[in-house]
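Novice: Just dropping this structure here.
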Amino acid sequence: RSVQVMDSVSKPLETYLTPFGYQIYQYDRVSSTNNLAKEIARKSIKDHVVVIAETQTHGRGRLERTWISPHGGLWFSIILRPKISLKEALRLTFIMSSTVAETIKTTFGLETKVMWPNDILVEDRKICGILTEAITSKDSVEFVVIGVGLNANLDLDSFPENLRETVTTLKHELGYEADLKALVLSLLQTFEEKYKQLLQGRWTSLLKEWKNLASFLGGRVAVTSFDEVSRGEALDVGQDGALLIELDGGGVKRVIVGDVTVEVQL
Ligand code: BTN
């Protein structure tokens, strides 16, 4: 069971406007930047606002998981008010994934991959996760909050032992600490370009960009969805964002919610 901890919308430490029109609210410590962004969005008509926090006391991952958020990570959430359907809002996760993967590659020269539905990997370990939440009223999307959790300037030992095999951090890969303020600006700028393309109806080419980073496609995967594990070959990700698997036992399965791990055959 998840307990929602509310932030009173307190004053940020610092606010600034980016040249491409995002208003940044920098906080020290919040419960979760997604929660705070939702609070702000509910109480205003603000758009293109970004909530960044140094630490989160109740960082949330997908499927009600806890997201460990110590100092040194990059934890932020974007408020957007696109005129799109709930189905289309799913696409924002994909364009944010490509954004993070491309930006890490061009900024630091690290090879990156995306994993369905919302992870970014370096050396096959998770470096970033995305949690997109859409708030709807009467079937239309009122606003969307896109939360990004990037394991940036963290040591691996800030993670519990059981995670150290499957996660990585920018600092661990690079051997130095990244400039997070510059990083957030390039992430937002690249995201904004893709977001504009999405609103111009260019989803097919945006999905293609994501697929070019999805090296698990064509390979063997194990997908856990609602506690059920399916094994087979990852065939494709459809226009609707669903993962298609050719099952070992025959037949094709469409998965909408789940976790994928790549299976290595020995
Ligand atoms: C996942 O991989 O399960 C998604 C993780 C998303 C974590 C980020 S950190 C910033 C934002 N605030 C949250 O509470 N979660 C997202």
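Novice: In region 190-266, carbon and sulfur make up what percent of the accessible area (probe 1.4 Å)?
Specialist: Carbon and sulfur together cover 50 percent of it.
Novice: Quote the FRET efficiency, to the nearest 0.05, computed for Arg254 versus Lys208 with a Förster distance R0 of 22 Å and r equal to the Cβ-Cβ distance.
Specialist: 0.65
Novice: While we're here: Restricting the calculation to Cα positions, tell me the Rg (one decimal) and the Dmax (whole number) of region 1-112 in Å.
Specialist: 14.8, 41
Novice: Something else: With r as the distance between the Cβ atoms of Asp157 and Leu110 and R0 = 25 Å, compute the FRET efficiency 1/(1 + (r/R0)^6) and round to 0.05. Mind dumping the intermediate values first?
Specialist: Numbers: r = 20 Å, r/R0 = 0.82.
Working from the Cβ atoms, E equals 0.75.
Novice: Considering the chain as a Gaussian network with a 10 Å cut-off on Cα pairs, which listed residue, Arg65, Arg29, Arg91, attains the greatest mean-square fluctuation?
Specialist: Taking springs between Cα atoms under 10 Å, the residue moving most is Arg65.
Novice: Each residue of region 47-56 in turn: what ³J(HN,Hα) in whole Hz from Karplus with 6.51, -1.76, 1.60 and θ = phi - 60°, glycine and Pro shown as x?
Specialist: 9, 6, 9, 10, 9, 10, 10, 5, 9, 10
Novice: When the accessible area of region 28-72 is split by element with a 1.4 Å probe, what percent falls to carbon and sulfur? The partial results should precede the final answer.
Specialist: Values: 1060 of 2140 Å².
Carbon and sulfur: 50 percent of the exposed surface of region 28-72.
Novice: Give, rounded to the nearest 20 debye, the magnitude of the charge dipole that the chain has about its Cα centre when Lys and Arg contribute +1 at Cβ and Asp and Glu contribute -1 at Cβ.
Specialist: 900 debye
Novice: How much accessible area per residue does the chain have, in Å², with a 1.4 Å probe?
Specialist: With the other protein chains kept in place, the chain gives 50 Å² per residue.
Novice: Moving on. Report, in debye and to the nearest 20, how large the dipole of region 7-56 comes out about its Cα centre when Lys and Arg carry +1 and Asp and Glu carry -1 on their Cβ.
Specialist: Details: 6 positive and 6 negative charges, 41 e Å.
It works out to roughly 200 debye.
Novice: Report the chymotrypsin sites (Phe, Trp or Tyr not before Pro) located in region 146-201 that are in a DSSP loop and have at most 10 other Cβ atoms inside 10 Å of their Cβ, or state none.
Specialist: Filter output for region 146-201: Tyr176.
Novice: If you don't mind, there's one more thing I want to ask. Between the helical axis of 91-108 and the dominant principal axis of the chain, each derived from Cα atoms, what acute angle in degrees is found, rounded to the nearest 10?
Specialist: Orientation of helix 91-108: about 80 degrees from the principal axis.
Novice: So how much slack lies between Glu142 and Arg29, counting 0.36 nm per residue of separation and subtracting their Cα-Cα distance, in nm?
Specialist: Length gained, Glu142 through Arg29: 38.0 nm.
Novice: Further, regarding this structure: Between Arg164 and Leu63, what FRET efficiency follows from the Cβ-Cβ distance if R0 is 30 Å, with the result rounded to 0.05?
Specialist: Computed FRET efficiency for Arg164 and Leu63: 0.90.
Novice: Please work out how much length the chain gains when fully extended from Ser225 to Arg42, using 0.36 nm per residue of separation minus the C-alpha to C-alpha distance, in nm with one decimal. Working shown, then result.
Specialist: Working: separation 183, 0.36 × 183 = 65.88 nm, distance 3.15 nm.
Answer, rounded to one decimal: 62.7 nm.
Novice: According to a simple spin-label model (label point 7 Å from Cα along Cα-to-Cβ), what is the distance in nm between Leu13 and Gln197?
Specialist: 3.4 nm
Novice: Measure nothing but the geometry: give the 0 to 90° angle between the long axis through the Cα atoms of 180-199 and the longest principal axis through the Cα atoms of the chain, rounded to 10°.
Specialist: Here the helix axis deviates by roughly 70 degrees.
Novice: Divide, for region 95-192, the radius of gyration over alpha carbons by 2.2 N^0.38 Å, where N is the residue count.
Specialist: On the way: Rg = 14.6 Å, N = 98, 2.2 N^0.38 = 12.6 Å.
Against the empirical 2.2 N^0.38 Å value, I get 1.16 for region 95-192.
Novice: Using only Cα atoms, tell me the angle between helix 33-42 and the longest principal axis of the chain; keep it within 0 to 90° and round to the nearest 10.
Specialist: The answer is roughly 60 degrees.
Novice: In whole Å, what three semi-axes, largest first, describe the equivalent ellipsoid of the chain built from its Cα gyration tensor (square root of 5 times each eigenvalue)?
Specialist: Each semi-axis is the square root of five times an eigenvalue, giving 28, 22, 18 Å.
Novice: From the P(r) of region 126-169, could you give the percentage of C-alpha pairs in the tail past 13 Å?
Specialist: On the way: 596 of 946 pairs.
Percent of Cα pairs beyond 13 Å in region 126-169: 63.
Novice: How large is ³J(HN,Hα), in whole Hz, for each residue of region 149-154 in order, when computed from phi with the Karplus curve 6.51 cos²θ - 1.76 cosθ + 1.60 and θ = phi - 60°, using x for Gly and Pro?
Specialist: x, 10, 6, 8, 8, 10
Novice: To continue, here is another question. How much solvent-accessible surface does Asp157 expose, in Å² to the nearest 10, with a 1.4 Å probe and all protein chains in place?
Specialist: 110 Å²
The values are calculated or read from the model by the stated rules, or taken from the named source; none is laboratory data. Just so it is clear, the structure is predicted and the values come from calculations on it, not from any experiment. Cβ: placed from backbone, ideal geometry, glycine included. Neighbour counts: every protein chain shown. Heads up: the accessible areas ignore ligands, DNA and RNA and are worked out on the full protein's heavy atoms, side chains in. Shrake-Rupley method; radii C 1.70, N 1.55, O 1.52, S 1.80 Å.
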